[in-house]
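So the structure is just underneath, and the comments pick up after that.
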Amino acid sequence: MPMTQPERNNEVFQKIEELKRTRKAIILAHNYQPPEIQDIADFTGDSLELSRRAAETDASVIVFCGVAFMAETAAVLNPEKIVILPKPEAGCPMADMITPEDMERIATEYPGVPIVTYVNTTAAVKAKSTICCTSANAMKIVSSLDSERVYMAPDKNLALYTARYVNKEVLFWNGYCPIHHSLTAEDVLKAKSEHPKALFIAHPECNPEVLDMADGIFSTSGMLRFVSESPEEEFIIGTEVGILYPMKKMNPSKKFYSASPKKLFCPDMKKIALYDVIRALETLEPRTVVSEEIRVGALKAIKKMLAISDLP
Ligand code: SF4
């Protein structure tokens, strides 16, 4: 979502603005990025919002401040644009838990069963899937499929959560986000005892026992909407700590507490610094490039998702 722009009176911000103009560049940043990166972004959001921005932009250059699979999605949707991930080593351990070969094995084992891949996967894995989903639209996507059985990969927690609400058998891969999955019921109980008036909201990547304790379960953009619209004043947040920054910025009078600041810290999401963004805009490197064969396959799965997400 568009952010209120900060006072851009310091040298670094001005330099980035100038480089953006000369390079015809747009900066997209995930909600988990460090505050200073979110501040210089043209748009911040979750995977689905950023996928849409990537598809809509008329900029020539997309600087993607997130992790590798997100930049790949932008490259898949924008083959004519230069896509840069300022730190290419920013990966996602969950995305690495499944390979294209694993996808082939699933397809062989479950012939005719649609395979829904979470957007947190490599383009090569998406290319082997029937359709993609995000944490915001998983139920809608799975429900839309004309099959009594579906296979979800790689996040078992998102699959188990989705299975609660769809009238289908949901098979799933045994992957997980090590950050969200590490949050325990004990952590939540501790946070609740420290902040007894606060509501607890959680991301579907958390494990089922944590989700059972939540007052609401949302994607990151859903969380931002919920805390802004809620009459409540205090919230315990069960997702990566980066989200607390836009929450506080959008709701300065409300109080936000991480359910576990140590566990809910994703090192990959914190790899990009302002200096890396400047260097990326100056050199137009390092670029994220996806081979045409993989791009076409991944595009099909992403476009199917976007078409269904757009339906009311
Ligand atoms: S928070 Fe989890 S899913 Fe997101 S990039 Fe980090 S490891 Fe991957």
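Tell me the mean residue ellipticity at 222 nm calculated for the chain from its helices only (DSSP H runs of n ≥ 4, each -39500 (n - 2.57), averaged over every residue, nearest 500). Kindly include the intermediate steps, with their values, before the conclusion.
Numbers: 15 runs with 132 residues, N = 312.
Result for the chain: -12000 deg cm²/dmol, rounded to the nearest 500.
Site pair Val289 and Lys303 shows an inter-label distance of 2.4 nm when each label is modelled 7 Å from Cα along Cα→Cβ. Can you figure out the FRET efficiency of Glu80 with Ile278, using R₀ = 25 Å and their beta-carbon distance, to the nearest 0.05? That gives a FRET efficiency of 0.55.
When a/c reaches 1.5 or more, the comparison of a/b and b/c decides; with that in mind, is the chain rounded, prolate or oblate per its Cα gyration tensor? Each step should come with its number before you reach the end.
Values: a/c = 1.86, a/b = 1.07, b/c = 1.74.
Since a/c reaches 1.5 but b/c is at least a/b, the shape of the chain is classed as oblate.
Each residue was assigned an accessible area with a 1.4 Å probe, and for Ser47 the value is about 20 Å². Beta-bridge orientation, the chain: approximately 5 percent antiparallel, per DSSP, counting only bridges with both partners inside.
With the simple model of a label 7 Å out from the Cα in the direction of the Cβ, Leu160 to Ser193 spans 2.4 nm. Note on the stretch 179-266: with neighbouring protein chains present and a 1.4 Å probe, carbon and sulfur make up 56 percent of its accessible heavy-atom surface. Using the Cα coordinates of the stretch 230-278, the gyration tensor eigenvalues translate into equivalent-ellipsoid semi-axes of 24, 15, 6 Å, sorted from longest to shortest. Close amide-amide hydrogen proximity is noted between Ala136 and no other residue 5 or more places distant or on a separate chain, at a cut-off under 5 Å (H modeled in the peptide plane; Pro and chain starts excluded).
For the stretch 3-96, which GluC sites (Glu not before Pro) are in a loop by DSSP, counting at most 13 other Cβ atoms within 10 Å?
Glu7, Glu80, Glu89
Is the C-alpha gyration tensor of the stretch 37-182 telling us rounded, prolate or oblate? Criteria: a/c under 1.5 is rounded; beyond that, a/b larger than b/c is prolate, otherwise oblate.
Values: a/c = 1.81, a/b = 1.80, b/c = 1.00.
The shape class here is prolate.
Only lysines eight or more places from Lys304 in sequence, or on another chain, were considered; those with a Cα closer than 19 Å are Lys126, Lys128, Lys140. Under 5 Å between amide hydrogens, built in the peptide plane, is the criterion, and for Thr288 it picks out Val83, Ile84, Leu85 among residues at least 5 positions away or on other chains.
Cα centroids of the stretch 76-127 and the stretch 218-259: how far apart, whole angstrom? Comparing the Cα centres of the stretch 76-127 and the stretch 218-259, I get a distance of 29 Å.
Computed over protein heavy atoms with a 1.4 Å probe, the accessible surface of the chain works out to 43 Å² per residue.
The values are calculated or read from the model by the stated rules, or taken from the named source; none is laboratory data. Keep in mind that what you see is a predicted model, and the values were worked out from it rather than measured. Every residue, glycine as well, gets a Cβ built from its backbone with ideal geometry; the counts of neighbours run over all protein chains shown. These accessible areas exclude ligands, DNA and RNA; they are computed on the full protein's heavy atoms, side chains included. Shrake-Rupley method; radii C 1.70, N 1.55, O 1.52, S 1.80 Å.
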